[in-house]
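The values are calculated or read from the model by the stated rules, or taken from the named source; none is laboratory data. Worth saying up front: this structure is predicted, and the values here are computed from it rather than measured. Cβ atoms come from the backbone with ideal geometry, glycine included; neighbour counts cover every protein chain shown.
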């Protein structure tokens with residue numbers, strides 16, 4: 001499960017801005033999981049919030065030259081679970097969190113990182129091409145970031161756990177398992193926008 005994003009500027013200013021950062025006070029980084037297998041109806045589709053992360057942006061407002069994201073894996077918090085035979089309780093959220101941290105091997109790989117190597121403008125914002133590192137594995141990814149006129153930032157992208165050497169959590173002899181694709185979403189606002 002991972003996260004990836006970048007934040008540019010909605011409205012150009014006179015003169016370059018050398019750098020700025022975003023954190024949880026500026027937005028929300030969320031993971032959404034699905035369920036699969038013969039017993040999928042028994043499982044919960046999870047909403048997981050990452051509570052500790054930093055996005056750093058360098059370059060002029062109208063064309064960032066570098067963006068990086070660092071996420072603290074241990075900041076993972078299970079916010080909710082949809083579906084399942086019964087609602088997801090507080091103690092079950094604790095168990096789910098523990099299982100997720102084990103699946104991600106958080107003690108050995110405490111961060112998830114994205115570093116954009118190329119940033120291009122699109123009609124809706126920017127596309128960032130760079131290296132995403134999860135669970136000690138690095139893959140090239142393209143991430144599209146939407147930028148609204150009022151400075152609102154948003155993105156949604158799917159990440160394959162298996163592509164990063166992560167075996168999705170399963171139980172009941174594999175009849176209930178977390179889907180391989182995890183949707184990473186970001187909603188936020190650039191500081192000062």
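Identify the residue in the range 52-67 that is without any contact (Cβ under 8 Å) to a residue 60 or more places away in the chain and under 15 Å from residue 112 (Cβ atoms) and, among all such residues, is nearest to the chain's Cα centre (by Cα). Only one residue tops the list, namely 53. In the set 1, 50, only one residue is within 21 Å of residue 172 (Cβ to Cβ) and either surrounded by 17 or more Cβ atoms within 10 Å (Cβ to Cβ) or modelled with pLDDT of 95 or more (or both); that residue is 1. Among the residues examined, residue 163 qualifies as at pLDDT 95 or above, more than 23 Å from residue 54 (Cα to Cα), outside any strand (DSSP E or B) and in contact with a strand residue (DSSP E or B) (Cβ under 8 Å, 6 or more places away or on another chain).
Results for (1) in contact with a strand residue (DSSP E or B) (Cβ under 9 Å, 6 or more places away or on another chain); (2) surrounded by fewer than 16 Cβ atoms within 10 Å (Cβ to Cβ); (3) at pLDDT 90 or above, shown as yes or no for each residue.
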{"site": "26", "(1), (2), (3)": "yes, no, yes"}
{"site": "34", "(1), (2), (3)": "yes, no, yes"}
{"site": "59", "(1), (2), (3)": "yes, no, no"}
{"site": "71", "(1), (2), (3)": "yes, no, yes"}
{"site": "81", "(1), (2), (3)": "yes, no, yes"}
{"site": "110", "(1), (2), (3)": "yes, yes, yes"}
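Listed conditions (1) under 13 Å from the mean Cα position of the chain (by Cα); (2) part of a strand (DSSP E or B) are all met by residue 24, apart from (2).
Given the conditions (1) under 19 Å from residue 30 (Cβ atoms); (2) outside any helix (DSSP H, G or I), report the number of the one that residue 105 does not fulfil. Answer for residue 105: the failing condition is (1). The residue that is modelled with the lowest pLDDT, among those in the range 171-182 that are part of a strand (DSSP E or B) and crowded, with 16+ Cβ neighbours inside 10 Å, is 176. Take the range 83-98 and flag every residue that is loosely packed, with under 15 Cβ neighbours inside 10 Å and not in a loop (DSSP other than H, G, I, E, B). 90, 91, 94, 95, 98 - these are the residues of the range 83-98 that are loosely packed, with under 15 Cβ neighbours inside 10 Å and not in a loop (DSSP other than H, G, I, E, B).
Look at residue 168 and say whether it is over 27 Å from residue 63 (Cβ atoms), at pLDDT below 95 and either in contact with a helix residue (DSSP H, G or I) (Cβ under 6 Å, 6 or more places away or on another chain) or surrounded by 19 or more Cβ atoms within 10 Å (Cβ to Cβ) (or both).
On the way: over 27 Å from residue 63 (Cβ atoms): yes; at pLDDT below 95: yes; either in contact with a helix residue (DSSP H, G or I) (Cβ under 6 Å, 6 or more places away or on another chain) or surrounded by 19 or more Cβ atoms within 10 Å (Cβ to Cβ) (or both): yes.
Taking the combined requirement at face value, the residue satisfies it.
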